[in-house]
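The values are calculated or read from the model by the stated rules, or taken from the named source; none is laboratory data. All values derive from a computational prediction rather than experimental measurement. Methodologically, a virtual Cβ is constructed for each residue, glycine included, from the backbone with ideal geometry; neighbour enumeration extends over all protein chains shown.
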Amino acid sequence: MNSQPQSLHPSQNDASSVDYPLPEMGQAVIQRVNWGGLRALYVKEVRRFFKVQTQTIWAPAVTTLMYLVIFTVAMGSNRPDVLGVHFIDFLAPGLIAMAMLQNSFANSSFSLLVGKMQGTIVDYLMPPLSELELLVAMVGAAVTRAIFVGFAIWLVMLFWPDVSVRVHHLWAVVAFGLLGSTMLGFLGLITSIWAEKFDHAAAITNFVVAPLALLSGTFYAVDKLSPTFAAISHANPFFYTISGFRYGFIGAADSPVLLGLAVLVGVNLLLGGACYALLRSGWKIKA
């Protein structure tokens, strides 16, 4: 019996074998972006909310459409014009954007929190994924859910009587929809890292996200407010998302469109940097 230790590498004399050099101890095998792992985590997060699409996509769409029904019935035929269009046409894009923001936050605020609650957080920490790859996959899935919800509401509104959701500036719809959804994806991920139970995430939803969304000019034009409340609205980043997204549909906005883009890019950079720093530090997610 041969007691000699076998080499880890195939013999160079064996023509049918290939010499695969092993990396040095501690040397990273994946030198750049782990595209396979990033794609796998993104698909996992998308499948997670898509398996319960009745709850995560269609239920928010129905809830948002209820707002449209209520305002249509309440206003009757006495509907004032806002920003040069009928009030319902002014309202519809804001409702779509508000639903997208809320559902992006809901998706990313659930990701790491459920892992901490169920003890499966190791599934996010053990794979060979960098903090940036984790960030991109989870926020990307949140934005994907927001797009599904927004598209579902827009599709129904296309056939809604007396409502026009024809797109005038597609670039504005895409830009503000993505920037706003990404912003709430970052905010939701920060919440998911900080929260230790579902009550914590619900508190941020009820006392931060919902008020900011409802007071962002979704149901009214900001220029009709008093100077004090108008200034408060202009300090709300949700306002710029709603205003810019609405501009893509009706061709008019409550604030300069380029200013809204600049504000949202700046807020996304700040929130994205905060998310990356928290993931890198392992605060509340690593023992």
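Observations
- Exactly one residue out of Phe249, Phe239 is of a type in the set (A, V, I, L, M, F, W, C), assigned to a helix (DSSP H, G or I), buried (at least 17 other Cβ atoms within 10 Å of the Cβ) and in contact with a His (Cβ under 9 Å, 6 or more places away or on another chain), and it is Phe249.
- For the stretch 120-142, filtering for residues that are outside any helix (DSSP H, G or I) and either among the hydrophobic types (A, V, I, L, M, F, W, C) or touching a His at 6+ places or on another chain (Cβ under 7 Å) (or both) leaves 3.
- With respect to being at pLDDT 90 or above, of a type in the set (S, T, N, Q) and out of contact with any Ser or Thr (no Cβ under 7 Å at 6 or more places or on another chain), Thr63 fits the description.
- Within the stretch 155-171, not a single residue is within 21 Å of Leu271 (Cβ to Cβ) and over 18 Å from the mean Cα position of the chain (by Cα).
- Test: Val122 is of a type in the set (Val, Ile, Thr) and either crowded, with 17+ Cβ neighbours inside 10 Å or under 19 Å from Phe186 (Cβ atoms) (or both): no
- Screening Gly251, Gly244, Gly217, Gly260 for residues that are modelled with pLDDT under 90 and among the small types (Gly, Ala, Ser) leaves exactly one candidate, Gly217.
- For the stretch 31-38, the condition holds for no residue, the condition being that it is in a helix (DSSP H, G or I), modelled with pLDDT of 85 or more, surrounded by fewer than 16 Cβ atoms within 10 Å (Cβ to Cβ) and among the β-branched types (Val, Ile, Thr).
- Among the residues listed as Phe87, Phe110, the single one being within 17 Å of Ala201 (Cβ to Cβ) and either aromatic (Phe, Trp, Tyr) or modelled with pLDDT of 95 or more (or both): Phe110
- Test: Met157 is within 28 Å of Phe71 (Cα to Cα) and of a type in the set (A, V, I, L, M): yes
- Among the residues of this structure, Val174 counts as one that is within 30 Å of Pro80 (Cβ to Cβ) and aliphatic (A, V, I, L, M).
- Subset of the stretch 67-119 that is of a type in the set (Ser, Thr, Tyr) and either in a helix (DSSP H, G or I) or surrounded by 17 or more Cβ atoms within 10 Å (Cβ to Cβ) (or both) - its residue that is farthest from the chain's Cα centre (by Cα): Thr72
- Residue, surrounded by the most Cβ atoms within 10 Å (Cβ to Cβ), within the stretch 254-277, restricted to residues that are free of Cβ contacts under 8 Å to residues at least 12 places away in the same chain and over 14 Å from Met183 (Cβ atoms): Pro256
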